[in-house]
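*Asks:* So that we are looking at the same thing, I have put the structure below in C-alpha cells.
Read the figures in this text as sums done on the coordinates, not as results from a lab. Computed from a predicted structure; not experimentally measured. Neighbour counts run over all protein chains shown; Cβ positions are idealised from the backbone, glycine included.
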Amino acid sequence: MPIAASPSRDVALETRVFWERFKKPIIAALSIVLLAVIAFTGYRFYSDRRAAAASAALAGANTAQQYEEIIDRYANTSAGADAYILFAEAQRRERKFAEANKTLEKFIAQYPKHELLSTAKLAMAANLDSMGKVDEALAIYQQIASDYPHSYAAPLAMLSQVYILKAKNRNDDARRICETMLTQYRTSFWAGEAMQQLRLLKPITSSTPPPMAVPMVPPMLANPALPAPQAPPAPNQPQSAPSPKKP
C-alpha cells in the first residue's frame, strides 16, 4: 500500500507568520531589557564616579567640618561610612564626648553590618569612660568581647575592662579576665599585656579574714601567775591557829 507523502514545511513562511503575530510583544520585551541594561550601566558609572569623588574628598579632609560635609554629600558610600568614624574621632579630640557618641550612634543605625561596627562601639565605650560613666562603658566593653570574640576589638575591650575593674577595686574579676586573655590569645601581643596586668594585681583575699596572730611575749616580761583565791572564813567561827613551825 503506498504511503502518503507528508506535506513539505516552509520554515521561512512559518517564521514570518510567527514574527507577524508576536512582533509587538517581542519588541516591547527587548526594549525593556535594553533600557534596564542602559540604566544599570549608567548607575554603575555614576556610583563609581561618586565613590571615587568621595574617596578623594576623604583623603584630603582633616577637620570635623570637612568630615561632616562628606557625610552629607556622599551618603551610602564607603568613604561616607568611614567619615562617620573620623568625624567622631575629631569630636573626641575636641573633648565633645557626647556629640561623638551621637555621631557613632547614627553610624551604627545606618550601617548595622559594617566591618567597623566593633570599632564604633569601642569608641563609644571610651567616650563614656572619659565622661565618668564607667558602668556604662564597662557594659559596652563586655558586649564587644562577647559579640565580636574574633575581632581585633575583643582583646582591647577585655583589657579596658581590666583597667576599670582595678579602679573599682574588683581585683578578682580583673584577674579572671586576664586569665581568659592568656587562654584565648596565648601567642599574641595581648597575652603579654594580660600577664603584665596580672603581675600588678594584688593576691586574692578570702572572704573570711585570717585569724589574728597572738603576740609572743618574752617570759621575763610576762605577768606572774597569781595564786588561786581562798574562801574567807565563816562568820562567828574562830580561825584555826597557825601550825607551829618545825625546828
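*Asks:* Region 103-190: D in µm²/s via Stokes-Einstein (Kirkwood Rh, Cα pairs, 37 °C, 0.692 mPa s)?
*Replies:* Working: Rh = 13.4 Å.
For these conditions, the coefficient is 245 µm²/s.
*Asks:* Under the 0.36 nm per residue contour assumption, what length would be gained going from the current alpha-carbon distance of Ala29 and Val11 to full extension?
*Replies:* On the way: separation 18, 0.36 × 18 = 6.48 nm, distance 2.40 nm.
Full extension of this stretch gives 4.1 nm more.
*Asks:* Which whole-percent values make up P(r) of region 29-162 when all C-alpha to C-alpha distances are grouped in 10 Å steps starting at zero?
*Replies:* 12, 33, 28, 15, 8, 3, 0
*Asks:* Mind checking the full-extension length gain between Phe18 and Thr187? Use 0.36 nm per residue of separation minus the Cα-Cα distance, one decimal, nm. Mind showing how you got there, number by number?
*Replies:* Numbers: separation 169, 0.36 × 169 = 60.84 nm, distance 7.30 nm.
Length gained, Phe18 through Thr187: 53.5 nm.
*Asks:* Between Glu99 and Val37, take the C-beta separation as r, use R0 = 35 Å, and let me know the FRET efficiency to the nearest 0.05. Can you show the working numbers first?
*Replies:* Details: r = 46 Å, r/R0 = 1.30.
For Glu99 and Val37, the calculated efficiency is 0.15.
*Asks:* Would you mind counting up the charge near Ile140? Only other residues with Cβ under 13 Å from its Cβ, with Lys and Arg at +1 and Asp and Glu at -1. Spell out each step's value before the answer.
*Replies:* Values: positive: Lys121, Lys133; negative: Glu105, Asp129, Asp135, Glu136, Asp147.
Summing Lys/Arg as +1 and Asp/Glu as -1 gives -3.
*Asks:* State the extension gain, in nm to one decimal, for the chain segment bounded by Asp72 and Asp48, taking 0.36 nm per residue of separation less the distance between their alpha-carbons.
*Replies:* Values: separation 24, 0.36 × 24 = 8.64 nm, distance 1.78 nm.
Contour length minus Cα-Cα distance gives 6.9 nm.
*Asks:* Would you calculate the separation in nanometres between label points at Ala109 and Ser146, each defined as 7 Å from the Cα along the Cα-to-beta-carbon direction?
*Replies:* For the pair Ala109/Ser146, the computed spacing is 2.4 nm.
*Asks:* Tell me, what is the FRET efficiency for Met195 and Val134 to the nearest 0.05, using R0 = 35 angstrom and their Cβ-Cβ distance as r?
*Replies:* Working: r = 24 Å, r/R0 = 0.69.
The pair Met195/Val134 has a calculated efficiency of 0.90.
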